[in-house]
Every structure is written in C-alpha cells, then in structure tokens.
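The values are calculated or read from the model by the stated rules, or taken from the named source; none is laboratory data. Note that the coordinates shown come from a computational prediction; the quantities given were computed from them, not determined experimentally. When we count neighbours, we look across all protein chains shown, and the Cβ atoms used for this are built from the backbone with ideal geometry, even at glycine. Areas reflect the complete protein model, heavy atoms only, side chains present, ligands, DNA and RNA absent. Shrake-Rupley method; radii C 1.70, N 1.55, O 1.52, S 1.80 Å.
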Amino acid sequence: MKKVLTLALMVMVAISASAAKKKEAAKDANKPVFTIIKENPITSVKDQNRSGTCWDYSTLSFFEAEILKATGKTYDLDESFVANKTYMERAIQVVRYHGDCQFAQGGSAEDVLQTMKTHGIIPQGIMPFPGSLYGDSLNNFNEFFGVLEPYVAAIAKSDAKKISNAWKTGMQGILDAYLGKCPEKFTYEGKEYTPKSFMASLGINLDDYVSITSYTHHPFYTTFAVEVQDNWRFPLSYNLPMDEMMQVIDNAVAEGYTIAWGGDVSEDGFTRKGLAYAVDSKKTEQSLQGSDMAKWLKMTMTKKRDVIDSLGCAVPEIVATQELRQERFDNWELTDDHGMLIYGVAKDQNGKEYYMVKNSWGDTGDYKGTWYMTKTFIAANTMDFLINKNAIPAEIRKKLGI
C-alpha cells in the first residue's frame, strides 16, 4: 500500500512539474523579442527618484538629444536649475490667483522650454547633486514639498489686504535649501558662462519647438491650451486628428528626431517590467475563461499586471479611435501623469510595432530604463508632446501654418 501511495505521489508531482513547465513555456513564448527598426541617439538614463519631476527629466533629455543631433556633443543638463526657477514662477502665479489654482510638483515640457528661454540653463556639476543637500543620494521631495506647499498656501490664502514681497525671499530660501542656489556665473570646461550664454552656446534654436495634441472639443489645425492642471502656463498646442498626430511621431523618429511625450501611464497595460499595451479588458477577460482566476474587473492591479506579463505580446489591445480619446479625456480616464522620451521604433516576433521610450526611473525594468510601448498605447494615451517643428511632415506643417 505504501508503494502504491508513493508511486501515486510521484505521478502527481511529475504531472504538477510538467504543468508548471508548460505554463512557463507558454509565458516565455509570449515574451516579446524585439527587433529594432530605428533607434535615435539619446543621453544616459537618469533617476528622478521620489520627486514629481518627470516633466523636467524627460524634457531635458529631449533637449540633450536635440543638441546631440545638431552638434554631435553630449551634455547632461541640470534638472535642479529648471525646478528652482519653475517652482518660484508657479508660486507667483498661485499667489496672483489668490490660491485658486494648483501648486504641485508636476509640470509640463513648456516649463523647461520657458526656463531655457528666460533664464538659460546650466550643466550638471555646478549646483549640488540632487538630494545631497539633505543627506539623500537622489531627489526626495517628501520633506521639501511638505514645507513648500503650506508656505505657498499661507501666502496665497492670506486674509491680508496687502502682502509684501518678503514672501518671495522666504520662498527662494526654501528652494535654495533643497535644490541648491542657481548660479549667476560659472566655469565649464575652462570657460566662464552665465546660464543664458551657456544656453546660447548649445547650438539649438528654442523657437523651433512646438506642442502637438489631438482632441475634438477644439477645431483641428488650430491651437489651444490643453486643459490639465500642470499646464499652468497655458501654452498653446497644435490640434491634429489622431492619425496625423501619429504620423508626426513616426516621421520624427524616421528623420532622426526624438519626442518629449506627455501622457497617461496609470493604465493597466503599463507594466513595471518595461512594456505598455492598450489592453482590451473584455477580450483579456474572455481569454481567461475556464481558469480559476477572478474575472478581470475584480482583479487587483498586481494580478492584472501578472496576467498582462504572462500574455506578453499576445495581450489583446483596443482599437484606438478619435472618439475614444475624447471620451476618456472628458471622463477623466485619460490623465496627464507622466513625461517620457520617444526615441525609436521596434517590432516584436509577431510584427507588432512599439515605440522605444526612455523613462526617468533609473535602470529599472527588463530593458534598463527603456519602455517598449505599442503604437496603439501611444495613440490612446497621449496628452500632448513637444517636438522640433522641422520633424513635422511638410503637408501637415502647411495645414498648421508653421
């Protein structure tokens, strides 16, 4: 009897092991194998760490790539300089509005562009390294904004009939304490610069950059300020039909340009392993029928991502449409929560095309800081993006009057 039980146990273990191997083999078969179609030169991956500065890192990465394309020179531009200038200017606006607008860590590509136009820029190494002033190895804005937000709110919501300019001195003191003081002059590679003269030396024209978006609540081929909180400077974006918006991205990559992309990465299909799919929830749920798993909509985010990882490049995707983009924007599903840098195109073993996108979370994920995001994901989840106007196809530029 013992021999029979032992034999039965061995058979069960073997069956279980075989099933596990088959499951793992299926998962491996679905793991994307990428072939690069086009990869444009970019600078190294950075880490924003615990700070809401993706807009800063991604846009400076964009300008670093623009300088590299124009001159062949590699620069590491300073995010702290931009943040110092931007947070002061945003605080001034909040005070002018008596607090009836948002003061937050987030921002947009326009903040970097306007800082470079107004104040110039500096290379890394002039101001303190991020986090070093308060004993951290990278940015950590928890304490910083714990001090800064109530300070701005106290001024903006003051009952005083008149306020003095002293609050700006205090504000600047907080910014300098956590980010470092912005230099008026500095020496780089043996030459003395101001931030403006350094900007002028970089070989790019800041008037060459435009923002593109795609929504139907404004006429196509006109401009409007995209209605999101972090677009606090109200810059105008050119409004294109979705298909032409995507044509601009494809043309830019093909012509050797990168794109400072802003959009929604809170979707189920944006994984922490370096992939992004515009998941069709209904079809994905149908593919799970007969399993012992809960239905898709009842799953936790972690479970959903496990399923997406197991399905890999076989995950069903939605069809991105202009109507769906508008519906999701109007009902708050499509949000503006992250900035990244599109710099290439690749395809998987099934021929599906993905954009190669540089993130600012350090060397995380399976691809060391790069995310492979399907073209459908980008079409569905783009809020807006900054691009060199020379990267836009001639026929579209003509329609926009650029």
> What is the extension gain from residue 398 to residue 187, computed as 0.36 nm multiplied by their sequence separation minus the C-alpha to C-alpha distance, in nm to one decimal?
Replying inline: 71.6 nm
>> I'd like the accessible area for residue 50, computed on protein heavy atoms only with a 1.4 Å probe and all protein chains in place. Round to 10 Å², please.
In response: 130
> Going by alpha carbons, how many degrees (0 to 90, nearest 10) lie between the helix axis of 109-118 and the longest principal axis of the chain?
Replying inline: 20
>> At 1.4 Å probe size, what's the solvent-accessible area of residue 273? Round to the nearest 10 Å².
In response: 80
> How would 98, 119 line up by accessible area, probe 1.4 Å, largest first?
Replying inline: 98, 119
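For a test of the definition: using alpha carbon positions, the gyration tensor, and the 1.5 limit on a/c, classify the stretch 63-104 as rounded, prolate or oblate.
Verdict is prolate for the stretch 63-104.
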> Expressed as a whole number of Å, what is the distance separating the alpha-carbon centroids of the stretch 181-207 and the stretch 239-262?
Replying inline: 30
>> Just to make sure I understand: if all protein chains stay in place, what is the order of 86, 35 by accessible area at 1.4 Å, largest first?
In response: 35, 86
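Suppose accessible area is computed on protein heavy atoms with a 1.4 Å probe; arrange 78, 243 from highest to lowest. List each step's numbers first, then the result.
Values: 78 0, 243 115 Å².
Sorted by accessible area, descending: 243, 78.
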>> Given a 1.4 angstrom probe, what's the average accessible area per residue across the chain, in square angstrom?
In response: 48
>> What's the magnitude of the charge dipole for the chain around its Cα centre, counting Lys and Arg as +1 and Asp and Glu as -1 at the beta-carbon? Answer in Debye, nearest 20.
In response: 900
> Carbon-plus-sulfur fraction of the accessible area of the chain, 1.4 Å probe, in percent?
Replying inline: 54
> Any idea how far the Cα center of the stretch 158-173 sits from the one of the stretch 328-366, in Å?
Replying inline: 41
>> Taking the full set of protein chains and a 1.4 angstrom probe, give the accessible area of residue 134 in square angstrom, rounded to the nearest 10.
In response: 70
